[in-house]
Amino acid sequence: MRIIFIGPPGAGKGTQAKRISESYGLPQLSTGDMLRAAKTKGTLPAEIAAIMASGGLVPDAYMVELIAERIKLPDASKGFLLDGFPRTSEQADKLGAMLAANGHKIDVVLALDVPEELLIERAIYRRTDKATGHIYHLKYNPPPLGSDLEHRPDDHEDVVRHRLSVYRRMTAELLPYYETQGLLRRVDGVGSVDEVYGRIQRELPEKLAQQEGLRV
Ligand code: AP5
């Protein structure tokens with residue numbers, strides 16, 4: 001099963017993708033996490049780190065190469081959940097070609113809908129535990145006392161607003177792209193994490209839904 005998550009910054013893609021990944025045993029391929037891990041390791045080129053910090057999109061060629069290498073790894077051979085890729089129609093075309101070359105295809109595209117003011121609130125109060133990578137929210141899902149937390153440089157309000165405008169300009173075009181292929185499922189992303197997860201489960205193809213219970 002190959003799933004794509006699309007949604008604006010702060011929509012809850014990472015939160016929900018992690019949960020589905022754990023429940024169904026599918027690897028979560030988060031391009032944002034991959035780029036941040038490379039930065040921590042010191043292997044991310046400085047110009048790419050600067051693009052991320054400003055809230056812009058990393059060039060397509062770099063991202064396509066990153067994903068092409070990642071999906072070749074054995075854990076992704078039977079399926080995966082893409083969180084943050086593709087983000088442009090160029091990336092979507094390249095992904096489709098990569099999969100088709102191996103006789104594979106995308107099974108479902110989940111799009112999380114959340115109003116803009118809530119997105120901003122979700123992003124600017126997000127904090128990540130430096131040791132575990134767990135995502136918290138200072139208001140909706142507060143971290144335990146004494147946690148060592150990180151505030152992403154691109155989660156400051158001006159950068160979040162810029163990321164939203166980039167999403168509207170470059171990524172939202174993927175919704176009609178996948179809708180015409182009959183793959184798009186829109187999910188209301190407002191509500192508790194459990195409520196949103198329940199809605200997502202109802203949109204998953206039967207094949208995957210049947211696995212629930214085996215992996216949790
Ligand atoms: P990336 O890391 O992918 O960022 P994003 O898409 O902007 O998404 P976010 O991580 O901000 O939000 P999310 O939807 O995952 O929300 P989350 O679950 O954390 O990309 C970062 C950068 O990398 C990009 O700007 C770009 O520069 C580069 N990049 C990455 N991929 C690229 C690509 N393919 N092409 C080009 N460039 C690329 O939730 C947010 C907060 O809300 C959390 O605090 C969470 O606890 C809380 N929350 C979640 N759900 C709920 C709920 N139901 N109720 C209350 N709170 C909730």
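Every number in this text was worked out from the coordinates using simple rules, so none of it is lab data. Model, not experiment: these values are computed from the prediction. Don't worry about glycine lacking a Cβ; one is built from the backbone with ideal geometry, like all the others, and counts go over all protein chains shown.
Total lysine pairs in the chain at Cα distances under 20 Å, for residues eight or more apart or on different chains: 15. Percent of Cα pairs in the range 147-199 per distance bin of 10 Å, from zero to the largest separation: 19, 26, 44, 10, 1. Each of TYR62, TYR178, TYR136 was scored by other Cβ atoms within 10 Å of its Cβ. Arranged with the fewest first, they read TYR62, TYR136, TYR178. Treating the chain as a set of equal point scatterers at the Cα positions, no solvent, please give the Debye-formula log₁₀ I(q)/I(0) at q = 0.09, 0.16, 0.19 Å⁻¹. Evaluating at q = 0.09, 0.16, 0.19 Å⁻¹ gives log10 I(q)/I(0) of -0.34, -1.20, -1.76.
About the Cα centre of the chain, how large is the charge dipole given +1 on each Lys and Arg Cβ and -1 on each Asp and Glu Cβ? Please answer in debye to the nearest 20. Working shown, then result.
On the way: 29 positive and 30 negative charges, 74 e Å.
Using Cβ point charges on Lys, Arg, Asp and Glu, the chain gives about 360 debye.
The share of Cα pairs per 5 Å bin across the range 44-146, counted from zero up to the longest distance, runs 2, 9, 15, 16, 18, 17, 14, 6, 2, 0 percent.
Note on the chain: antiparallel DSSP beta bridges, both residues inside, total approximately 25 percent of the bridges counted.
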